[in-house]
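Written out below as structure tokens is the structure these notes cover.
The values are calculated or read from the model by the stated rules, or taken from the named source; none is laboratory data. Note that the structure is a prediction, hence the values are computed from the model and not measured. Ideal geometry is used to build each Cβ from the backbone, glycine not excepted, and the neighbour counts take in all protein chains shown. Ligands, DNA and RNA are excluded from the accessible area calculation, which covers all protein heavy atoms including side chains. Shrake-Rupley method; radii C 1.70, N 1.55, O 1.52, S 1.80 Å.
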Amino acid sequence: MKVSKEILANVAGLSRLAIAEEETTRYQEDLTKFLAYVETLNEVATENTPPTTYALPMENVFREDDVRPSLDREAALLNAPLKEDGYFKVPKVLED
Amino acid sequence: MKYEAVIGLEIHCELKTKTKIFCGCATEFGAAQNTHVCPVCLGMPGVLPTINRRVVEFGIKAGLATNCAINQYSKFDRKNYYYPDLPKNWQTSQYDLPIAEHGWVDIEVEGEKKRIRLTRIHMEEDAGKLVHSGTTIKDSTSSNVDYNRTGVPLLEIVSEPDMRSAAEARAYMEKIKAIMEYIDVSSCRMEEGNLRADINVSLRPVGSEELGTRTEMKNINSFKSLEEAINYEIERQTEVLEDGGHIIQETRTFDPVRGVTLSMRSKENAHDYRYMPEPDLPPIVTAPETIEKYRRELPELPDARRERLEKECGLSAYDAGVITASRAMAEYFDKVTATGAEAKLAANWIMSDLAKNLNAEGITIEKSPVGAERLGQMILLIMKNTISGKIAKTVFQEMWTNPASPEQIVNDKGLVQITDTGAIEKIVDEVIANNPKAVADFQGGNKKAIGALVGQVMKASKGKANPQMVNKLIAEKLG
């Protein structure tokens, strides 16, 4: 599949990345190559293989419903770029 | 053209666990902002979430109680979107293998029974709370985020678009609320937002099988708003269609003050959530024996309880429906009748005087100053003819503020019913002597005139005369 300019713009938007105009051709080519490489997987016969949803041989890892101490608020907010009155402060929220 | 509404609900039900779904932070409501947070629910790099066992148990029980099939193999997925109420930029939810699917519940509206199908029930984490600096998100230059609610466990219960009116949608949501209360997985306090609905509404010509374009109203947290939002939206969409316009698929917000829905987004981008299996959480595999164990643990559910009250206690379908709509009320009723109080009287007192007082003071039945046992004792006094039903109203009001037993109150206030024939006869004679007109009317054939005389006797005895005896005595004397 060839990654078009529109697909690139959509993927960049979903990933919150700004791509400079002069770089678009290069990224389109790179992503097209990645996809072609991953498509190699389609050559494997999987008719009789159930879909994998989890890669490790593990299941049912649970914890009991017991309260554990939370972080101190100061510690929770320590790395926040902006804070106010014990809240994380975020700039104006814009809808897509 | 005549249109019919097609309504589906996504109900979010906050679970009654002590801790969050993937970490040990407390879920308690009302804590100071950002004090129930930890590296896991703040989505810090390198942390490993672990599933709360109770959440899975509650999800399976909710599925069983709504006639769903339980998926023996279930898993979590990441639903990606950018909004600051989610610190990780994805919500851990379930996509293609939810814990339960393909269920149904029965509702009844105006005597008509109807089955509403459930598409699925899945487990997910709640998001945080934003406090905007302005009055709305649009005129705010910044927002403050409280992540206490982030990671609180939710069940999302998704219905098929099987409802055709606001009344049906309400009955469905009431039924889901009752079931979740009965199986004790949620406290279902709508005012705290732990039961809320996203409503999808579309219209189509009557007789058509195709679905029209729908609009969605999010986070409706009262039955009143639910009905108003649906009715407004049906009206609005009808007008648009009748004017030859077409409905835009969009999210609308319901303003409960003005009773209208408003468009939230001018253009609706189809969300691309890019669901992917959650790599940090191993799948949940539930053996059939475990599912059966949970099924055996389910209590009597609202429909069964309602049927029992109709058949065994002789309540009307309506009364049984009201009493069993809330688990707390049904339990209160059972405790009242356990004292020996007659079921019909118990239902009447609960649905009238008790409900009226609770509503007036805005308290729940669990906190009623008149407990089930005391109400039962008072009803026994009516049954033994110690007090009349009318005096009982006075006794009940006194009991509301006075913790004494009903017997004590009746004795202290001198409210014991007069059943002594001599005493009643004396009052009857006086009333007959003082009301020649009513007496003449009665003797002239107007049998209704006896009512006025009985009323006078009751008044003279301050309500304490036994009304049946008064009736009998007057009839004898004038007969």
Could you check how many residues of the range B:263-293 are modelled with pLDDT under 85 and open to solvent by 60 Å² or more (accessible area, probe 1.4 Å)?
-> 8
Select from the range A:59-86 the residues that are touching a Phe, Trp or Tyr at 6+ places or on another chain (Cβ under 9 Å) and surrounded by 15 or more Cβ atoms within 10 Å (Cβ to Cβ) and list them in ascending order.
-> A:Arg63, A:Ala76, A:Leu77, A:Ala80
Select from the range A:59-84 the residues that are facing chain B (nearest Cβ under 7 Å) and either closer than 17 Å to B:Ser142 by Cα or among the hydrophobic types (A, V, I, L, M, F, W, C) (or both) and list them in ascending order.
-> A:Val61, A:Phe62, A:Val67, A:Leu71, A:Ala76, A:Leu77, A:Glu84
Name the residue, out of B:Thr238, B:Thr213, B:Thr251, that is open to solvent by 20 Å² or more (accessible area, probe 1.4 Å) and not in a loop (DSSP other than H, G, I, E, B).
-> B:Thr238
B:Ala127 fails exactly one of the following numbered conditions: (1) buried (at least 16 other Cβ atoms within 10 Å of the Cβ); (2) out of contact with any His (no Cβ under 7 Å at 6 or more places or on another chain); (3) outside any loop (DSSP other than H, G, I, E, B); (4) not charged (D, E, K, R). What is the number of that condition?
-> (3)
Of those in the range B:38-81 that are more than 31 Å from the chain's Cα centre (by Cα), among the hydrophobic types (A, V, I, L, M, F, W, C) and facing another protein chain (nearest Cβ under 9 Å), the residue most open to solvent (accessible area, probe 1.4 Å) is B:Met44
Within the range B:1-16, can one find any residue that is open to solvent by less than 50 Å² (accessible area, probe 1.4 Å), within 12 Å of another protein chain (Cβ to nearest Cβ) and in a loop (DSSP other than H, G, I, E, B)?
-> yes
How about the range B:286-403: which helices (runs of 4 or more DSSP H) wholly inside it have at least 3 residues that are free of Cβ contacts under 8 Å to residues at least 12 places away in the same chain?
-> B:288-297, B:302-313, B:355-361
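Name the residue, out of B:Ser133, B:Ser142, B:Ser159, that is surrounded by 23 or more Cβ atoms within 10 Å (Cβ to Cβ), of a type in the set (Gly, Ala, Ser) and assigned by TED's automatic domain parsing to the domain that holds B:Tyr95.
Result of the check over B:Ser133, B:Ser142, B:Ser159: B:Ser159.
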Is there any pair linking a residue in the range A:26-37 that is surrounded by 12 or more Cβ atoms within 10 Å (Cβ to Cβ) to one that is in a helix (DSSP H, G or I), with Cβ under 6 Å and at least six apart or on different chains, and which?
-> A:Tyr27/A:Leu8; A:Gln28/A:Leu8
Within the set of pairs 6+ apart or on separate chains, which have a first residue in the range B:109-124 that is open to solvent by 10 Å² or more (accessible area, probe 1.4 Å), a second that is among the acidic types (Asp, Glu) and assigned to a loop (DSSP other than H, G, I, E, B), and C-beta atoms under 8 Å apart?
-> B:Lys114/B:Asp162; B:Arg115/B:Asp162; B:Arg117/B:Glu160; B:Arg117/B:Asp162; B:Thr119/B:Glu160
